1. Which strands (runs of 3 or more DSSP E) does the range 103-178 wholly contain that include 2 or more residues that are modelled with pLDDT under 95?
2. Look through the range 384-426, keep the residues that are at pLDDT 90 or above and in contact with a strand residue (DSSP E or B) (Cβ under 8 Å, 6 or more places away or on another chain), and return whichever of them is nearest to Glu459 (Cα to Cα).
3. Which residues, counting only those in the range 247-270, are open to solvent by less than 60 Å² (accessible area, probe 1.4 Å) and among the hydrophobic types (A, V, I, L, M, F, W, C)?
4. Only one of these is within 30 Å of the chain's Cα centre (by Cα), free of Cβ contacts under 8 Å to residues at least 24 places away in the same chain, open to solvent by 40 Å² or more (accessible area, probe 1.4 Å) and over 25 Å from Tyr72 (Cα atoms): Glu179, Glu233. Name it.
5. State all residues of the range 209-225 that are modelled with pLDDT under 95 and open to solvent by 50 Å² or more (accessible area, probe 1.4 Å); if no residue qualifies, say none.
6. Within the range 428-447, which residues are of a type outside the set (A, V, I, L, M, F, W, C), touching a helix residue (DSSP H, G or I) at 6+ places or on another chain (Cβ under 9 Å) and at pLDDT 90 or above?
7. Mind checking which residues of the range 352-373 are open to solvent by less than 20 Å² (accessible area, probe 1.4 Å) and either assigned to a loop (DSSP other than H, G, I, E, B) or of a type in the set (A, V, I, L, M, F, W, C) (or both)?
Amino acid sequence: MSGGYLPTPAGTTHKSVFPPIDDYAFLSDCETTCLIARNGSVEWMCVPRPDSPSIFGAMLDRSAGHFRIGPYGRNVPAARRYLPGGLIVETTWQTETGWLIVRDALVLGPWHNNSSRSRSHRRTPMDWDAEHMLLRTVKCVNGVVELEMSCEPAFDYHRGGADWQYSGEVYEQATASCEIDGCPTLTLSTNLRIGLEGREARARTRMKEGDEVFVALSWSDLPAPSTFEEAAEKMWATTESWRQWITLGRFPDHPWRGYLQRSALTLKGLTYAPTGALMAAATTSLPETPRGERNWDYRYTWVRDSTFALWGLYTLGLDREADDFFAFLHDVTTDADGKPVPLQVLYGIGGEREITESELPHMSGYDGAQPVRVGNDAYNQDQHDIWGTILDSVYLHVKSRQQVPETLWPMLERQVQAAIENWRNPDRGIWEVRGEPKHFTSSKIMCWVALDRGTKLAEWHGEYDYAKKWHDIAEEIRADILDNGVNSEGVFTQSYGSDTLDASLLLAVLLRFLPPTDHRIRATVLAIADDLTENGLVLRYRTDTTDDGLAGEEGSFTICSFWLVSALVEIGELARARQLCERLLGYASPLKLYAEEIDSHTGRHLGNFPQAFTHLALINAVMHIIRAEESHNVGQFHPAHPSR
C-alpha cells in the first residue's frame, strides 16, 4: 500500500493529505464507534452515540479534531493488527532507537447499571456493557523511544472549540468542554504529565524498555483507570467480552475463517446495543466518487440493510442479535399508545423517525469531496423492498421453531398487507435513486418475497385463510414480473419495459424467486457477470442509463460482487465463483475491512466505512463456496440459506 495516494475520477492517483479509506481501523463498544488512521490518530469519533456530532473529524477536514498517540516523528508503523477474536487494535512501532506496542480499545466491562436503570437501554441487559471510554495503552519493548500524545477535540462537527481545564491533583487529568448546548464533556486521564496548549492537550515522554503508559478518554461518570495496572485490567476485560461473543459462532475450519470472523465482529460492532438497531456504516460523507457529490450519511439503521445483515449472522449461528433487532422493529412500528404506525425505510439508531438531511459547508470533505452531509432524506422515500426483507428475515429466524411468536404476528400481518396494497405502484428502488419513481423489478420481487414468506409464516401460525389468500397474490405478482420484467433474451431488467441491467436482480436466485435451474435465472446472472462489470467487479447499474438524480460515476458496489459470487455458485459456476471470491478477498483492507465500493481501476475503497451490507454479503458468498466445495463429494450443494 502506497500511503497517501488516492484514486481520481480518471483512474489515476494523486498524493493526498488524507489516508486511504481502507487505511483506517474500526473500534466499537456497541454504543460508540471510532476510526483510527495508520499513524495512530483517531480521525473519526462521535459521542455519546455514533450518530451524534463528531468530536474528532479529521477524516472529513484535517482541522476538525484528532487524538494521536505514537512515536515522535513517525507516521508509518512496522505492523498493525486486530487481536484475534475482538475489536482491539495493536500497532507496533519501530524507530532508530527502539520499539513500541500501542493497543487501542473502546472499553467493555461487566454490566454497571446496578444501582439504577439505564436511561438509554431498552433491550435485555447482557453480561457486558460499554464503559464510555477510549483506552490507549503503550509499552516500550526494546530500546528507547520518544512518545508523544496530542488530543485536540473539535466539538459539533468542528463548530465548537475545546476549552481545556486541569481536573486532577497535578498533571494527570484534564477536562475539555464546549459552550455549544448538548456538547459532551471529555475527560483525559493518564500516567503521563498533560500540558494544555489552547485547544490541544499534549504529553511527551521518553520511554525505555519495560515502561508502560496509558491514556483514557472518557465521557461519562464511570471511573477512569488511575494506574497502568487498572488500564491493563480494563483492556483484558474488553478482550474477554469480545472473545466470549465470537465463541458463540460456528466458523468452518477453512483458510477463509479469518474473513468470516472479522466480518461477524464488524457487524456486531455496528449494532447499537441500547435499542438493537444496526447501522449501515460508522461514517458519513466518505465519497462514492473521488471528490464527487455522492456523499451520504450512513450512521442510521436501514430496515433492508439490517435484515440482510442478520442473514450473515444467522449463517454463522450468531442469531441472538436478531431478537434485539425484531424488538427494535416492534418499537418503531408502534406509537406511544401501542397503536401501529407505517414502516419506514430507515430510522435513527434510537428509533427516531425523522432524520432531516443538511449540509456542513464549513468542512472541506474527505479529499475535497463535497458536500458533507448529516442526516438522510431517504427516510421518507417509498421503497417497496422493505416488506420482503423483513418477512424473509423473520422466516429465517423462526424456521427452526416453526412457530411465530405471538408478539411478532400483528406486525408481520401489517407488513404483508402493505406489500399487497403497494406492489403495483412505482417506487425509488433498493438503490434509493433520486430520479423519478419507476416499476423496479427487484422491488416487485421483494413484494413477492413478502407474500411468499408471509404464506409460510401464516401456516405455522395456524392462519390458513391468510395463507391461501397470500399464496394466490404471490402467484399473481410472480406472473406480473415474468410478463413485464424480463426482456426478449430472457434476462431480468432493472424496471418494467427497459433493457437496463441491475445487480439487485441477482437476488432473484438468492431469494428463490425462481429455481437456479431456470433459464431466465442463468441468463440474468451471466448477463450481469459479463456486461455489468468493470475489470471484473460488479456495478449497481450503469449511471448513463439510470436516472439516479446525481452527476458523475461511481465505483463497483462490493456487495453486488459478493452477490455475484453466491449467484454463480447457485447456477453451478463454482470455479468462476471461487476465482471472483478470491479476488474480492484480496481487495480487503489490511485489517480485513470493506467500504461500500471498490474502484475497479485502482483497487481503492470508496464510500462509507466499514459497510455492514458488504460484510454480510462476504459471509454469504464465502459460505456458499465452502458448502458447495464440501458437497462435491456427496453430489449435492447446500446453499447458505437453504429451503427458503
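1. Details: elements: 128-152, 163-166, 173-177.
In the range 103-178, 128-152 are the strands (runs of 3 or more DSSP E) which contain 2 or more residues that are modelled with pLDDT under 95.
2. So, considering only residues that are at pLDDT 90 or above and in contact with a strand residue (DSSP E or B) (Cβ under 8 Å, 6 or more places away or on another chain), the one nearest to Glu459 (Cα to Cα) is Arg414.
3. Phe251, Trp256, Leu260, Ala264, Leu265, Leu267, Leu270
4. On the way: Glu179 fails: within 30 Å of the chain's Cα centre (by Cα).
Criteria check complete, one pass: Glu233.
5. Asp221, Pro223 - these are the residues of the range 209-225 that are modelled with pLDDT under 95 and open to solvent by 50 Å² or more (accessible area, probe 1.4 Å).
6. Answer for the range 428-447, where residues must be of a type outside the set (A, V, I, L, M, F, W, C), touching a helix residue (DSSP H, G or I) at 6+ places or on another chain (Cβ under 9 Å) and at pLDDT 90 or above: His439, Thr441, Ser442, Ser443, Lys444.
7. Result: Ile355, Leu360, Met363, Gly365, Ala369, Val372.
Table: residues versus (1) out of contact with any strand residue (DSSP E or B) (no Cβ under 7 Å at 6 or more places or on another chain); (2) acidic (Asp, Glu); (3) open to solvent by less than 40 Å² (accessible area, probe 1.4 Å).
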residue	(1), (2), (3)
Cys183	no, no, yes
Arg202	no, no, no
Met207	no, no, yes
Trp245	yes, no, yes
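The values are calculated or read from the model by the stated rules, or taken from the named source; none is laboratory data. Remember, it's a predicted structure, so these values are computed and weren't measured experimentally. Because the Cβ atoms are built from the backbone with ideal geometry, glycine has one as well, and the counts that use them run over all protein chains shown. Accessible surface areas use protein heavy atoms only, side chains included; no ligands, DNA or RNA. Shrake-Rupley method; radii C 1.70, N 1.55, O 1.52, S 1.80 Å.
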